[in-house]
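The values are calculated or read from the model by the stated rules, or taken from the named source; none is laboratory data. Because the structure is a prediction, the values reported are computed rather than measured. Cβ placement follows ideal geometry from the backbone for every residue including glycine, while neighbour counts extend to all protein chains displayed. These accessible areas exclude ligands, DNA and RNA; they are computed on the full protein's heavy atoms, side chains included. Shrake-Rupley method; radii C 1.70, N 1.55, O 1.52, S 1.80 Å.
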Amino acid sequence: MADSGGQYKLRCVLQGHSMDVKSVHSCSQPQGALLTSSRDKTARLWYQQQDNTYSARKVYRGHTKYVSCAVYVEPTEDYPSGLIYTGCQDGKIRSFLPDLEEPLHVLEGHAENVTSIYVGKFGTLVSGSWDMTAKVWMDRSCKTTLTGHTFAVWAVAILPTVGVMVTASADKTVKLWKAGQCTHTLSGHTDAVRALAVVSSEQFLSAGNDASVRRWSSGGECLGSYYGHTNYIYSLSLQIGRASCR
């Protein structure tokens, strides 16, 4: 939280997880809600209180190993309260209704830890894994496996309207895919690429262990490189015209 002088101050601490937190994701319903995943084998949904503190509304269970990532999907006709997906070290993806703490569905296909999940329009889901692949899912079924990376896939994304899927890997490359085929392999990072953020249908950002952020076009051109961090960048987030990383 920033004060009038632009300085950030700690507003509150979310207490509940018993081991380190692997991911944090914002939810649109209710406004201000947060979704977290943890090495304690759970994901949690936190509601903001009137005094700006947070309390854990739901604890999502059923994971056999730690939860690497969790994402919230906007409400649809089939799921009017939205849907939550978690990626687990056991290689499984689980879906949850926000108000129910036990899994609704389990998606099986990855052989190792599911590190990232991205949900696009029309229900398309892309997942990345330590098994060096990304998988494309529709209607809870794996339709395509994207192979070509030589180390773990750390991040995945979909560029809206153009149908391009993006994968980032510990092999220091970013790959662009269309209709299940790799169209571009982007080199430039000098260490593992851990994070992606979609800017528009034509541009996206990548970041990783080399402490740099790079801006790319959907055609594979590097549009800029940004420096400032002195060590690993684990995540990127794009919020209303500005990007943030940590």
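List of remarks:
- Scanning the range 148-157 for residues that are touching a Phe, Trp or Tyr at 6+ places or on another chain (Cβ under 6 Å) and either open to solvent by 30 Å² or more (accessible area, probe 1.4 Å) or assigned to a strand (DSSP E or B) (or both) yields VAL156, ALA157.
- Candidates are the residues of the range 39-76 that are among the polar types (S, T, N, Q), assigned to a strand (DSSP E or B) and more than 16 Å from PHE96 (Cα to Cα); the one that is modelled with the lowest pLDDT is GLN48.
- Of residues in the range 94-147 being within 17 Å of THR64 (Cα to Cα) and of a type in the set (A, V, I, L, M), the one surrounded by the fewest Cβ atoms within 10 Å (Cβ to Cβ): ALA111
- Residue check, THR173 out of contact with any Cys (no Cβ under 7 Å at 6 or more places or on another chain) and surrounded by 14 or more Cβ atoms within 10 Å (Cβ to Cβ): yes
- Hey, GLY87 out of contact with any His (no Cβ under 8 Å at 6 or more places or on another chain) and at positive phi or not: no
- Filter pass, THR36 being open to solvent by 50 Å² or more (accessible area, probe 1.4 Å) and either in a strand (DSSP E or B) or in contact (Cβ under 8 Å) with a residue 24 or more places away in the chain (or both): no
- The residues in the range 184-242 that are in a strand (DSSP E or B) and either in contact with a strand residue (DSSP E or B) (Cβ under 8 Å, 6 or more places away or on another chain) or not charged (D, E, K, R) (or both) can be counted, and the count is 31.
- When GLN89 is tested against (1) open to solvent by less than 70 Å² (accessible area, probe 1.4 Å); (2) free of Cβ contacts under 8 Å to residues at least 40 places away in the same chain; (3) under 17 Å from SER235 (Cβ atoms), only condition (3) is not met.
- Scanning the range 108-137 for residues that are over 15 Å from the mean Cα position of the chain (by Cα), in contact (Cβ under 8 Å) with a residue 24 or more places away in the chain and closer than 15 Å to ARG94 by Cβ yields GLY109, HIS110, TRP137.
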